[in-house]
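The structure appears right after this line, and notes come after that.
Nothing in this text is a laboratory measurement; each read-out follows from the coordinates by a stated rule. Computed from a prediction, not measured in an experiment: that's the story for all the values here. Neighbour counts run over all protein chains shown; Cβ positions are idealised from the backbone, glycine included.
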Amino acid sequence: MKRTLILLCVVLTLAGCNKLRIGPKGEGEYVMGSATVAYEQDNQAAMKKKAMKLAELDALEKAARVFLSSSSKLQYPAGLKEEILANPAGYVRRTYSQSSYRKGDQFYMEVCSMVLVSELSSKIKALEDAAEVKKTNIYVASRDLAGGQISINNYCRQGIYLAFKNQAFNFIDGGNLSQNNLDESTPIVDKAKKEGARFVIIADSSANALEAASSITTTMLPMRGRASIKVIAANNYQVIAEASGAGNGLAAVEEISVQQALKTACEQAAAQTAQAIDTAIHSAKSFTFVFKDVNTIDRLERLQNILSGLREVEDFSLTRYRNSDATFLVQAQAANVEELAAKIIRKHYASFSILSAGADSIEFAFI
């Protein structure tokens with residue numbers, strides 16, 4: 001009987017990731033990770049050890065991403081890789097192999113790692129707080145025409161980046177646009193939201209030869225550039241700024257002249273939207289959301305998806321996760337915290353209940 005009980009305990013422990021949920025009220029949080037390595041017939045012990053280490057690192061990185069703010073997910077804060085990902089032993093208590101098998105000339109392993117989430121969240125918050133500036137993510141996409149033909153040299157986006165070089169913005173390159181994108185921007189905004197952007201800049205630019213000026217000189221190729229720019233808030237698809245600009249290019253090489261014209265026109269147009277973007281950034285109100293008894297990393301990810309799905313929410317970050325309780329700082333265009341809470345409860349009434357509410361804060365509990 002005693003031996004049976006011991007064996008049962010071992011089985012339950014090994015099944016921890018799938019069945020048991022030992023949250024931060026215990027030692028840590030179980031997180032799944034996986035890795036694939038080259039199959040080594042003659043060195044299987046070392047191969048399995050390597051696979052487990054890589055899978056453990058995958059679990060740690062998965063947990064770390066939950067605690068990153070939206071701006072940091074695009075550009076990790078300084079020290080994250082060196083102080084956390086390069087030191088998994090400091091944040092992983094133990095790891096179990098859940099499954100492993102050979103796939104042709106490769107070997108796959110899935111593991112269950114107990115991540116010390118309290119230590120991890122505290123360290124990431126310290127790294128983010130140490131950063132000089134928290135940047136606002138802006139998605140930038142453009143269509144460039146040179147003499148009526150599509151150009152893929154990104155000259156317009158170069159001009160936009162130049163216009164905001166002294167601003168605390170983190171740019172996401174959205175690539176080249178088609179006429180359909182210019183006519184209907186919703187798909188572009190949807191994509192930008194998924195990549196963590198708070199604003200979207202859509203630019204349409206063109207450069208054409210100045211025929212009158214070209215008759216005066218035979219060695220230089222003058223170009224006239226024009227640009228129109230639209231800035232859209234990713235959370236609610238509202239246009240917050242529109243501007244146009246013009247610029248000239250003059251060079252012996254046509255491509256250089258085109259570059260000058262497009263960059264100047266787009267830089268001029270973008271500069272006119274800076275004030276509107278800054279006003280929009282600071283117009284959102286700050287609210288504190290507390291969720292009790294979260295218990296798992298999966299639930300934390302679910303909470304983040306719920307918050308990002310609210311059109312009023314412009315930005316949010318997980319500021320604290322202790323004793324199974326998660327605290328989010330939410331930036332939103334809302335009259336009060338009850339307005340946001342009502343939307344969450346209406347859609348997820350089977351998952352949450354409201355424990356208390358203040359002027360700018362609210363406390364939920366998982367049902």
Connecting every pair of Cα atoms under 10 Å apart in the chain and solving the GNM, the largest mean-square fluctuation among 306, 160, 202 falls on 306
Placing one equal point scatterer on each C-alpha of the chain and summing with Debye, one gets log10 I(q)/I(0) at q = 0.15 Å⁻¹ equal to -1.21
Inverse of <1/r> over all distinct C-alpha pairs of the range 255-367, i.e. the Kirkwood Rh in Å, gives 16.2
Any trypsin sites (Lys or Arg not before Pro) in the range 154-254 that lie in a DSSP loop and have at most 16 other Cβ atoms within 10 Å would be 165
With Cα springs under 10 Å, the Gaussian network model of the chain assigns the largest mean-square fluctuation among 107, 289, 316 to 107
Violations at 23 Å Cα threshold for listed pairs 81/191; 125/292; 49/125; 165/230; 62/194; 194/292 -> 81/191; 49/125; 194/292
From the Cα centre of the range 334-367 to that of the range 162-201, the distance in Å is 31
Given 251-264, 339-352, the highest-first ranking by average Cβ count within 10 Å works out to 251-264, 339-352
The simple spin-label model distance between residue 288 and residue 165, using points 7 Å out along Cα→Cβ, in nm, is 4.2
For the chain, percent of DSSP beta bridges that are antiparallel (nearest 5) comes out at 75
Dividing the alpha-carbon radius of gyration of the range 82-228 by 2.2 N^0.38 Å, where N counts its residues, gives 1.68
